[in-house]
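Note sheet for the following structure.
The values are calculated or read from the model by the stated rules, or taken from the named source; none is laboratory data. Since we're looking at a predicted model, the values are computed, not measured. Cβ: placed from backbone, ideal geometry, glycine included. Neighbour counts: every protein chain shown.
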Amino acid sequence: MKTMKTLIMILAAMTIFSFSANAQFNGIKNTVKNGADKVKIGKNKKDKNKNEYSDETETDLDEATGNNSDNNAVEEVVSNTTSMENGVGYFYSTYSSDDYVKEANIGDELYVRMNFGKTMNEFHEEFVLEVSHYSYGWVNIYINDKLVLEHGPLSFSSNYSKVWTFIDLPLLVKPSFIEEIQNDQSVIETNQDVWVFQQLFNEGGISHKYTIAAIQNMKDGKNNLKIEFGVANKRDEKMGGVISTAEIVIISDEEGRKELYKCGPKFLRPLEEN
């Protein structure tokens, strides 16, 4: 009898959690939908595209983000940021920053803007890859020249793959930023913010995978981190061609690793932290 009561309590708690998560995500979708016509340019206000990482969710956010993005506005964001080269990625230690960094600590927040120079659809044609309503991207991550993460294929609606010429990827994100999103949904202002939100709260997201790769593969001292963004056919297991590459030096020390562990899964933390 006691076992039955315990099971009922667990199921009730799971149901409440599910309703809460859905309500939060729907609230963020509505925030984006209500502001879809407002393209905000300048520091901390950047219009971005969103990404969906499974076939089951390919069209979930199409209505929320709409087709209101203006290519000229997106290009203005790129031109306003420190001069960017086509095919080169740039790292940032603060989300929505305008200043990129060439070196960071292993425990610092880390984001990378992969600048393409052309749209994903144009690259699909250049590499003679299949493309229909959706284009497909891929992310490879190398630590000290070792391939540690292959993330993809990522599906992009034509609303975005025919327009956007760059994408921001969240790599290491502090719990404080996640709490900020949870407590203040006005942080979710653009299509790109929706993409970041999805990545942060999904265990299959790139930030989750990157944190695990960094814990397992970065040694004390200097490490070289390289990110590749490429395009692919829908069902391919690897990218068909690289369209942007980013490199940075990551310094690993004891204090930085403690911060890194806080962002990673508990099973990878030192025993004293468990």
Only one of (1) in a loop (DSSP other than H, G, I, E, B); (2) crowded, with 20+ Cβ neighbours inside 10 Å is not met by I141, so which one is it?
(1)
Go through the residues of the stretch 150-169 one by one and say whether even a single one is without any contact (Cβ under 8 Å) to a residue 24 or more places away in the chain and surrounded by fewer than 22 Cβ atoms within 10 Å (Cβ to Cβ).
no
Quick check on T81: is it at pLDDT below 80, farther than 17 Å from V163 by Cβ and in contact with an Asp or Glu (Cβ under 7 Å, 6 or more places away or on another chain)?
yes
Just to be sure before I move on: is K258 touching a Pro at 6+ places or on another chain (Cβ under 7 Å) and over 30 Å from F156 (Cβ atoms) in the structure I sent?
no
Could you list, in sequence order, all residues of the stretch 201-214 that are touching a His at 6+ places or on another chain (Cβ under 8 Å) and among the aliphatic types (A, V, I, L, M)?
I206
For E228: the one exception among (1) exposed (fewer than 15 other Cβ atoms within 10 Å of the Cβ); (2) of a type in the set (D, E); (3) at pLDDT 95 or above:
(1)
Residue count, the stretch 137-171 (criterion: hydrophobic (A, V, I, L, M, F, W, C) and touching a Gly at 6+ places or on another chain (Cβ under 8 Å)):
5
The condition of being at pLDDT 80 or above and surrounded by 12 or more Cβ atoms within 10 Å (Cβ to Cβ) holds, among N191, N217, N202, only for N217
